[in-house]
Amino acid sequence: MRLALACLLAAVEYRRSSDVMKILRSMPEVKDAFMVFGQYDVVVFLEAEDYAELTAVSAEINGICGVRKTETLVAG
């Protein structure tokens, strides 16, 4: 079975970056997450069983306190 892969870009409130990173790194679908400079503040690499799960994880990340907006780039 082929996994659904994505790169999620997140804009995060400045004072909440550490809290957001801690939550992201605790999520099993998050394979890597790191802070960057520019239009987005965090890059997250996701791996899920299928696109439905990927959609759910993306929505969950959008709901994290301090996340202002996200953009999900789906591979394949």
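If you wrap the Cα atoms of the chain in a convex hull and average its projected area over all directions, you get 4.6 nm².
Pull out the extension gain between ASN62 and PHE37, defined as 0.36 nm times the separation in residues minus the alpha carbon to alpha carbon distance; nm, one decimal.
Details: separation 25, 0.36 × 25 = 9.00 nm, distance 1.93 nm.
Extra length from ASN62 to PHE37 when fully extended: 7.1 nm.
PHE34 sits among other residues whose Cβ lies under 11 Å from its own Cβ, and their net charge, with Lys and Arg +1 and Asp and Glu -1, is -1. Other residues within the sphere of radius under 12 Å centred on the Cβ of ASP50, judged by their own Cβ, net out at -3 (K and R +1, D and E -1).
Estimated from helical segments only, the mean residue ellipticity of the chain at 222 nm is -9000 deg cm²/dmol, where each DSSP H run of four or more residues counts as -39500 (n - 2.57).
Loop-located chymotrypsin sites (Phe, Trp or Tyr not before Pro) in the chain (DSSP state not H, G, I, E or B) with no more than 15 neighbouring Cβ atoms inside 10 Å: PHE37.
What is the local net charge at ILE64, summed over the other residues whose Cβ is closer than 13 Å to its Cβ (Lys, Arg +1; Asp, Glu -1)? That sum, taken over residues with Cβ under 13 Å, equals +1. Given their separation in residues at 0.36 nm each and the Cα-Cα distance between them, GLU49 and TYR14 gain 9.4 nm when the chain is fully extended.
Values quoted throughout were computed directly from the atomic coordinates according to the rules given, and no laboratory measurement underlies them. Note that the structure is predicted; figures quoted are calculated from it, not measured. Glycine also receives a Cβ, built like all others from the backbone with ideal geometry; neighbour counts cover every protein chain displayed.
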